[in-house]
1. Where Rh denotes the Kirkwood radius from the mean inverse Cα pair distance, what is Rg over Rh for segment 45-124?
2. Quick one: pull the percent of accessible area on segment 57-124 belonging to carbon and sulfur, 1.4 Å probe, ligands and nucleic acids left out.
3. Might you work out the accessible area of residue 59 for me, using a 1.4 Å probe with all protein chains in place, and round it to the nearest 10 Å²?
4. Using a Cα-Cα cut-off of under 21 Å, which lysines could be cross-linked to residue 104, ignoring same-chain neighbours fewer than 8 residues away?
5. If you roll a 1.4 Å probe over the heavy atoms of the protein chains, what accessible area per residue do you get for the chain, in Å²?
Amino acid sequence: VQLQASGGGLVQAGGSLRLSCAASGRTFSDYRMAWFRQGPGKGREFVAATNMGGGRSYYADPVKGRFTISRDNAKNTLHLRMNSLKPEDTAVYYCAAGPVNYWKSRVAGAYDYWGQGTLVTVSS
């Protein structure tokens, strides 16, 4: 699977952005999809994940209630809607895909395929 992330940019605190991840090469609906992020001087951290059908979603506590993950299997696309952005959300955001079970869905090492990352900068 090849993944291409887009939609990052510079936004003021309190603003919104929508990230997209376009997939190609394999059957998109076979994979659990997730977003991770890596802030300045930090390790890669889990943001959100969705199951193969898109009916279940999971979020990291810092983004719960502000971010929404969604997928369109017909268009092979994953999205992350980010509202009420905070300066601490500043990071490179990566989409990931893999045949991952629920128990490992928050573990970066469990995913086989990664996008190139898109930078989100939130100014205060």
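1. On the way: Rg = 12.6 Å, Rh = 13.4 Å.
Reported Rg/Rh, Kirkwood definition of Rh: 0.94.
2. Numbers: 1720 of 3390 Å².
For segment 57-124, the apolar C and S fraction of the accessible surface comes to 51 percent.
3. Estimated to the nearest 10 Å², residue 59 gives 40 Å².
4. Output for residue 104: 42, 64.
5. Details: 6130 Å² over 124 residues.
Per residue, the chain has 49 Å² of solvent-accessible surface.
The values are calculated or read from the model by the stated rules, or taken from the named source; none is laboratory data. Values in this document were obtained by computation on a predicted structure and should not be read as measured data. Surface accessibility is based on the protein's heavy atoms, side chains included, excluding ligands, DNA and RNA. Shrake-Rupley method; radii C 1.70, N 1.55, O 1.52, S 1.80 Å.
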